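Asker: One structure is given below, represented as structure tokens, and several questions about it will come after.
The values are calculated or read from the model by the stated rules, or taken from the named source; none is laboratory data. Keep in mind that this is a model prediction, so the values were computed, not measured. Positions of Cβ are generated from backbone atoms using ideal geometry, with glycine treated the same way; all protein chains shown enter the neighbour counts.
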Amino acid sequence: MSSPEGSIAAANLAFYEALEARDLARMEKLWLHEDSASCIHPGWHRIDGWPEIRRSWQNIFASSRSWTVSCEQVRISLEGDVAWVTCVEAISPFGAEGLDATARMQATNVFRRQNGEWRMIHHHASPSPGGEGSQDEEPIN
């Protein structure tokens, strides 16, 4: 059996894999489907409740070009059945070359353990201060 931190890291990785694949079905499996769930995409207002969060991902996936995503500087914290991951998202349009094409976002992902599974209950991403690609970027997560 893996450690709680390993399970949280796997849930966080699954989120970024679903984001990169623009896979709504995989994203649905990761999120807690409750009214208490919330999401803040870069430059957006807070979205509350799974139905609205799902709609936001659906719109983003349908209207954005392909990208690659990596998660850097990962820090996992755990308190009972709640865990949070802080990290830097590095997002590059597919086929883009060089660091100037990479947007870096500061992100916080909050998970709650439900029936033994870690489900995302909150995602918040904001452009990194002074980071490359942080201005005039289309919100993609």
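Asker: Could you please find all residues in the range 36-88 being among the polar types (S, T, N, Q) and closer than 20 Å to P129 by Cβ?
Answerer: S70, Q73, T86
Asker: Here are some residues: A103, A107. Which one is surrounded by 18 or more Cβ atoms within 10 Å (Cβ to Cβ), more than 18 Å from L24 (Cα to Cα) and at pLDDT below 90?
Answerer: Going through A103, A107 in turn, the sole match is A103.
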